[in-house]
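What follows is a short report on a single structure.
The values are calculated or read from the model by the stated rules, or taken from the named source; none is laboratory data. For clarity, every value in this text was computed on a predicted model and none was experimentally measured. Cβ placement follows ideal geometry from the backbone for every residue including glycine, while neighbour counts extend to all protein chains displayed.
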């Protein structure tokens, strides 16, 4: 459905939670090294629960290698606090790449400056600086799903009840 890209994630439970989210959305999770943890870390798999084995996961050695294969373009969205372009005004399409930076650094400033049209943000009140990476990924990705809901493979409540 979508490609969720975590650039140098640092906190294992965030990545595990996002992996679980990706399984439920039919999204591919791209992890860009260096990672702040071992991919087999208990905290990753605990947050991802039994979903982790179902995850469509691609691990990249570095950001330049990822960019060589998937250059930033119209199918890219760069999540940042350094823009005023709201995520719900962006137009998401199936197979888009939605990039999130590390919990401590965000995405590189040179990348953001070179791709201002692809930058998106989540509005926040004046007392906060940022949101948890898992929360931010969920907010943006479910907006992308809302815009592309037709044809989404989903489990309906009616189907679930009939099976019981």
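For the reader, a short list of remarks on this structure follows.
- Hits in region 96-110 (condition: closer than 18 Å to residue 73 by Cβ, outside any strand (DSSP E or B) and touching a strand residue (DSSP E or B) at 6+ places or on another chain (Cβ under 7 Å)): 96, 107
- Of all residues making up region 134-151, the number that are within 20 Å of residue 10 (Cβ to Cβ) and free of Cβ contacts under 8 Å to residues at least 60 places away in the same chain: 3
- Qualifying residue in region 12-32 (condition: part of a loop (DSSP other than H, G, I, E, B) and farther than 30 Å from residue 150 by Cβ): no
- Residues of region 111-133 satisfying the condition of being touching a residue at least 40 places away in the same chain (Cβ under 8 Å) and in a helix (DSSP H, G or I): 114, 118, 133
- Cβ separations smaller than 7 Å between residues 6+ apart or across chains give the following pairs from region 20-33 residues that are free of Cβ contacts under 8 Å to residues at least 60 places away in the same chain to residues that are in a helix (DSSP H, G or I) and surrounded by fewer than 20 Cβ atoms within 10 Å (Cβ to Cβ): 20/49; 20/51; 23/51; 23/54; 32/63.
- Picking from residues in region 58-91 that are in a loop (DSSP other than H, G, I, E, B) and within 19 Å of residue 134 (Cβ to Cβ), the one that is modelled with the lowest pLDDT is 81.
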